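Please treat every number below as a calculation from the coordinates, not as lab data. A quick note: this is a predicted structure, and the numbers were derived from the prediction, not measured. Note: ideal-geometry Cβ built from the backbone for every residue, glycine included; neighbour counts use all protein chains shown.
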Amino acid sequence: MCRPWTGAKRVAQMATLLWLPVVAADGAEIPCGGLRTLSIPVTAIGLPSRGATVQMADEIVAVGRTIGPDGVVTPASPDYCKVVGTVAPIDPSAPPITFQVNLPAAWNGKALQYGGGGFNGTLVTGVGPALDAPPSVATPLAQGYRSVVAKLGQTAVDRFMRLYVTAGVNHGGSGVSGTTGEPIPQYVDLLGVLDRWVERSEAPRDLVQTSVEADPPFKEIASRPMCSFPRYPRYRGAGDPKAASSFTCETR
C-alpha cells in the first residue's frame, strides 16, 4: 500500500549519479579513501534536494569462497570500495535518505539492477549471489558490476507506504488454516484505508481481517489482526482463536 511520494525518484537519481565514474575536477579518478566526506551539490543530483554527503568510504579486501560447518556457502568477494552517505531532503524536518554504493576495483563499466518477473525496483548489493543464480556463478560484484543500495529508514518509509503480510493466504487473498482446514480471515477494506490516508491524512496502523458467512446477513465468523510489517499476529495463549482480540502484533 503506497501513498504518492517523490522520495523514491530522489533515491533513483542519486543512484544514477553514483553509478558514474568517480573523478576529480581535473579528470583523475578519486581513490576510495578520497571519497570520505565528499559533498555532492544539489545541481549534480538534479531532483529537488539539499545535496548529499559521503560519510564513509572503506576499502574492502577480497575474500575467497568458503563453506561453513553447517554447509552454508559464502561466495567469494572481490576488492571493492564501500561508500555510504546521505541525501538531504528539501524538507529540513524529513529524515535523510541513506545510500550505499559498492564500487568494484575492477569495474566492468556497468551497473546492475533487477527488473521484471516481480523484481521491478529490487536493489542489489552485489555482495551476495544474484537472484536464482546457480552456485557456480560469481556474485555481481565479483563480475565487476557496480551496485547501489538505498534506504530511507522506517520513519521516512512510514510517511508513504505500508506493507501487510497475511500468513497462509495466496496472491488472491484466500487461504485455509493448515491445522483446522477452515478459511483464513481475508476481508479488509483496503480502499477505505487508503482513501482516509490520502484524503484525511489518517495513516493506517494494524488492521483487522474478517471472514463471514456465505449467506445474508453475512455474519462475521472469524477475525484476525492484519499487522503492519515487520510484525506478525501472535496468539496471546488464551481466548477465542477466531477473535482478533486474542492476538497481538509482534516482531518475530
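Of all aspartates and glutamates in the structure, the ones whose alpha carbon falls short of 14 Å from that of LYS82, not counting any fewer than 8 places away in one chain, are ASP58, GLU59.
Taking the number of other C-beta atoms within 10 Å as the exposure measure, put THR74, THR43, THR86 in order starting with the fewest.
Values: THR74 13, THR43 7, THR86 17.
Fewest-to-most ranking of THR74, THR43, THR86: THR43, THR74, THR86.
With neighbour counts taken as other beta-carbon atoms within 10 Å, the residues TYR187, TYR235, TYR80 rank, fewest first, as TYR235, TYR187, TYR80. For SER49, no residue whose modelled amide H falls within less than 5 Å of its own remains once neighbours fewer than 5 places apart on the same chain are excluded.
Which of rounded, prolate, oblate describes region 31-100, given a ≥ b ≥ c as roots of the alpha-carbon gyration tensor eigenvalues and a/c under 1.5 marking rounded, otherwise prolate only if a/b is larger than b/c?
Numbers: a/c = 3.98, a/b = 2.23, b/c = 1.78.
Verdict is prolate for region 31-100.
Just to confirm the filter: which trypsin sites (Lys or Arg not before Pro) across region 127-205 are DSSP coil and have at most 15 other Cβ within 10 angstrom of their Cβ?
Values: sites: ARG146, LYS151, ARG159, ARG162, ARG196, ARG200, ARG205; in loops: ARG159, ARG162, ARG205.
Hits after loop and neighbour filter: ARG159, ARG205.
Computed from backbone phi with θ = phi - 60° and the Karplus coefficients 6.51, -1.76 and 1.60, the 3J(HN,Hα) list for region 178-185 is x, 9, 9, x, 7, x, 7, x Hz; x is used for glycine and proline. Projected onto their three principal axes, the Cα atoms of region 162-252 cover extents of 39, 36, 26 Å, largest first.
If R0 equals 25 Å, the separation of the Cβ atoms of LYS242 and TYR187 corresponds to a calculated FRET efficiency of about 0.95. Backbone geometry of region 79-95 corresponds, through the Karplus equation with coefficients 6.51, -1.76 and 1.60 at θ = phi - 60°, to 3J(HN,Hα) couplings of 5, 7, 9, 9, 10, 10, x, 9, 9, 8, x, 4, 6, x, 7, 7, x Hz, x marking Gly and Pro.
Going by neighbour counts of Cβ atoms within 10 Å, the residues CYS249, CYS227 line up, fewest first, as CYS249, CYS227. Modelled this way, with points 7 Å down the Cα-to-C-beta line, the labels at ASP158 and ALA106 are 4.6 nm from one another.
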